[in-house]
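As C-alpha cells, the structure follows; a few thoughts come after it.
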Amino acid sequence: MKSDITIIGAGILGTSLAYFLSQATDSSVLVLEQAPEAAYHTSRRNTGKVHAPFLYDPERKRLFARAASLGFDMWEAFAKGKGLPFKRDGVLEVALDENGTKRLEKYMAWGERNGLQKDELKLLDGSEVSRLEPEVRCQNAILCTKDGSVDYGKFTQSLMEDAKTHGAQFLLNTKAEEIDSTKGTVTISAGQQTVETGLVINAAGGMAIDIAHSMGVARDLADIHFRGEYWQADDEYRNLTKVSVYSVPKNPEYPFLDPHWIVRHDGRCEVGPNAVPVFSPYGYTFAENAKEFPSKIIEMLTSGAARMLFDPQFISLAAGEFLSSVSKTVMINRVREFLPNLDPAKFHTRGTAGVRSSVISSGGKFVPDALIKEGKNSVHILNYNSPGATGALPFALHVIDQLREKGLVRLARTQCGPWDISRILELLA
Ligand SMILES: Cc1cc2nc3c(=O)[nH]c(=O)nc-3n(C[C@H](O)[C@H](O)[C@H](O)COP(=O)(O)OP(=O)(O)OC[C@H]3O[C@@H](n4cnc5c(N)ncnc54)[C@H](O)[C@@H]3O)c2cc1C
C-alpha cells in the first residue's frame, strides 16, 4: 500500500489528525490501528470529562493548556452537529486545607490566563459549597461552570466515519511492526501489508515512545505506565451531587491525582481513578503485566525511570495506590475525605480501567507537557496524557500547522466540519 501520510494509532488523537488531514489537505491518509476498533484503549477508558483549563500551568503545560482552552467549544459544536451527548455540568475542585486553598488561588489565576471568563470560575468558601452541594465538606472550592461530560469513544468513532468519507483509510487489526525510515520514504511492515509512506505520524499512545525509540528518536526518554481504576456507585447515589467533585492533588509533581467523585454524562456515578504503576500500556490484567514485566523492568532500570524507582516519595505514593487497587474501602475512603457519607458497601462493580503512560526525562523527572519530536520522515507525539481527550482536536491542528510550516503538508481548504481551521490556528498561536 502507498500513502502520503501514515498515522499509527486510531485513538482520539490519531483519529483527529486523520479527520483534519483528510479534509484540509490533498494528501492521502492511512491510519494503522492494531485493535479491532478506534478508541479501543485510553481514548474510551477515561473519565469522559471535557476539562476546563484552570488546572494547567500556562507555562509548564503550555500545549495542554492551550489545547484544553479551545477543546470545550470545539467538542460542544461537534457533539451538537452529530447529535452526540455533551453535558455542560460543571465541576467542583475542593481544597481540604490551607495548602489546598493556596493552590486554588493559583488555579484561579491560571484559569483566567488560559481564557476562562470571570463568571465561569468562582472561588467559594466552605459554607457556600455546603449550600450548593450539601454532601461536600471542604475548606474552599472552585466552581467551574465550563466543564463537560461526554463519551470520547463515541466522539472518536464519529470522527473516524467523517475521515473515511473524506478519503482516509483505516486499517484495523493491523499493527505497525518493523518501520524502516533509512531510505527516501518510510516502509512499514504491518501484518500482511507493507506500507510505503512519505511521512509517519506516531500517535500510538502508550506505545508511542517504543515506536519513537525504534526509529532512533527520543532515546533519552522513558515512560512509566499507570493504571487508573474506578468503582461504580449503586444507583441510589445518582443524585448525591449535582456536579463532579475533584480534590486538589496533594502531590501535583507526580501523576497521582487522587480519585474524584465523577458524575458521567448519563448520570452514572463513579469513584476514581487511582494511578497504579503497571508494566504495559495495556496492563489491565495480571497476565498482561506479568508478560511485560521482565522487559519493562530492564528498560526502566537502564533509563531515567530508574531514579523514580528509587525515589522514596514515589515508592510511598505508589504503595498507597496499590493499596487502593486491592482494597475498595481504601479507594472509597480517599473520596470520603470530602464526601464523608459515602458508604463503600454501595459500590459493587469495578468501572473500566485505563492506562496513562507518563514520560520521564533522563534526569528522572516526570515531563509536564506533551512532546512533539521529529525524526527522519516522522513526527512523534509523546506524553499525550490528560487533558489529552479534551484537547485532541486543537492539538491535532497544532501538529498539522507545524507540518505545514515545514512544508510537509499543504492546507488546501480551511473549512472542516463546523470549524474554520484558520481561525482555530489563530487562537492557538
Ligand atoms: C484513567 C484516565 C482518565 C482520563 N480522563 C480524561 C478526561 O476525563 N478528560 C481528558 O481530556 N483526558 C482524560 N484522560 C487522557 C486521555 O484519555 C488521553 O490523553 C487520550 O485518550 C490519549 O489519546 P491517544 O489517541 O494519544 O492514545 P490512545 O487512546 O491510547 O490511542 C493510541 C492507539 O494506538 C494504537 N497503537 C499502538 N501501537 C500501535 C502499533 N504499533 N500499530 C498500530 N496501532 C498501534 C493503540 O492500539 C491505540 O488504539 C484520561 C486518561 C486516563 C488513563
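Nothing in this text is a laboratory measurement; each read-out follows from the coordinates by a stated rule. No experiment lies behind these values; they were computed from the predicted model shown. Ideal geometry is used to build each Cβ from the backbone, glycine not excepted, and the neighbour counts take in all protein chains shown.
General remarks:
- Here the gap between residue 319 and residue 413, fully extended at 0.36 nm per residue and compared with their Cα-Cα distance, gives a gain of 28.7 nm.
- q = 0.09, 0.17, 0.18 Å⁻¹, region 213-362: log10 I(q)/I(0) [Debye, one scatterer per Cα]: -0.32, -0.97, -1.05
- As a length-normalised measure over Cα pairs under 8 Å and 6 or more apart, the relative contact order of the chain settles at 24 percent.
- Using C-alpha pairs below 8 Å separated by at least 6 residues, the relative contact order for region 162-217 is 22 percent.
- Packing, taken as the mean count of other beta carbons within 10 Å per residue, orders the peptides 39-50, 198-209, 247-258, 117-128 from highest to lowest as 198-209, 39-50, 247-258, 117-128.
- Residue 411 long-range amide H proximity, modeled H, under 5 Å: none
- Structural descriptor for region 229-301: relative contact order 28 percent, calculated from alpha carbon pairs under 8 angstrom and at least 6 residues apart.
- Amide hydrogen neighbours beyond the local backbone of residue 244, cut-off 5 Å, H modeled: 92, 263
- Cross-link reach list, lysines versus residue 328, counting only Cα pairs under 20 Å and skipping chain neighbours closer than eight places: 346
- Region 127-244 - convex hull of the alpha-carbon atoms, volume per residue in Å³: 215 Å³
- Potential lengthening of the chain between residue 236 and residue 131 amounts to 35.7 nm, from the contour at 0.36 nm per residue minus the alpha-carbon distance.
- Shape box of region 295-429 [Cα atoms, principal axes, largest first, Å]: 57, 41, 24
- Of 421, 90, 134, farthest towards positive along the dipole that unit charges on Lys, Arg, Asp, Glu beta carbons give the chain: 421
- For the chain, the longest principal axis of the Cα atoms and the long axis of helix 12-24 meet at an angle of about 50 degrees.
- Residues 390, 187, arranged from fewest to most other Cβ atoms within 10 angstrom of their Cβ, appear as 187, 390.
- The string of couplings for region 269-280 from the Karplus curve (6.51, -1.76, 1.60, θ = phi - 60°) is 10, 9, 10, x, x, 7, 8, 8, x, 9, 9, 8 Hz, one whole number per residue in order, with x for Gly and Pro.
- Translational diffusion coefficient (Stokes-Einstein; Kirkwood radius from C-alpha pairs) of the chain at 37 °C, 0.692 mPa s, in µm²/s: 149 µm²/s
- Size of region 87-189 as Cα extents on the principal axes (Å, biggest first): 63, 31, 25
- The spacing between region 19-83 and region 169-236, judged by their C-alpha centroids, is 17 Å.
- Nitroxide proxy distance, nm - points 7 Å out along Cα→Cβ at residue 376 and residue 405: 2.5 nm
- Derived scalar couplings between HN and Hα for region 34-47 equal 6, 8, x, 9, 5, 6, 7, 9, 4, 5, 10, 9, 9, 7 Hz in order, rounded to whole Hz, by the Karplus curve 6.51 cos²θ - 1.76 cosθ + 1.60 (θ = phi - 60°), x for Gly and Pro.
- Förster radius 41 Å - calculated FRET efficiency between residue 302 and residue 343, Cβ distance, rounded to 0.05: 0.35
- Added length on full extension, which subtracts the Cα-Cα distance from 0.36 nm per residue, residue 145 to residue 268: 42.3 nm
- Surrounding net charge for residue 187, when Lys and Arg each add one and Asp and Glu each subtract one, Cβ distance under 14 Å: -1
- Rounded to 5, the percent of DSSP beta bridges in the chain classed as antiparallel: 70 percent
- At q = 0.09, 0.10 Å⁻¹, base-10 log of I(q)/I(0) for region 17-136 (Debye sum, equal scatterers on each alpha carbon): -0.38, -0.46
- For region 222-263, diffusion coefficient by Stokes-Einstein and Kirkwood Rh (Cα), 10 °C, 1.306 mPa s, µm²/s: 127 µm²/s
- Which of 145, 302, 174 has the fewest Cβ neighbours within 10 Å, and the rest in rising order: 302, 145, 174
- Among the trypsin sites (Lys or Arg not before Pro) found in region 175-242, those both in a DSSP coil and sparsely packed, with 16 or fewer other Cβ atoms within 10 Å of their Cβ, are 175, 183, 219, 238, 242.
- Pairs beyond 19 Å (Cα-Cα), from 2/183; 122/250; 102/250: 122/250
- 3J(HN,Hα) couplings calculated from phi for region 406-413 with the Karplus curve 6.51 cos²θ - 1.76 cosθ + 1.60 (θ = phi - 60°) are, in sequence order, 8, x, 8, 9, 10, 7, 9, 9 Hz; Gly and Pro show x.
- Label-point gap, in nm, between residue 329 and residue 164 - each point 7 angstrom along Cα→Cβ: 4.9 nm
- Charge dipole of the chain (Cα centre as origin; +1 on each Lys and Arg Cβ, -1 on each Asp and Glu Cβ, all else neutral): 200 debye, rounded to the nearest 20.
- When each of 327, 69 is scored by the number of other beta-carbon atoms lying within 10 Å, the sequence from fewest to most is 327, 69.
- Helix 286-301 and the longest principal axis of the C-alpha atoms of the chain enclose an angle of approximately 80°.
- Estimated dipole of region 136-204 in Debye, rounded to 20 [Cβ of Lys and Arg +1, of Asp and Glu -1, Cα centre]: 320 debye
- Here, region 153-207 has an Rg and a Dmax of 13.0, 38 Å when only alpha carbons are counted.
- For residue 170, distant residues with modelled amide H under 5 Å away: 31
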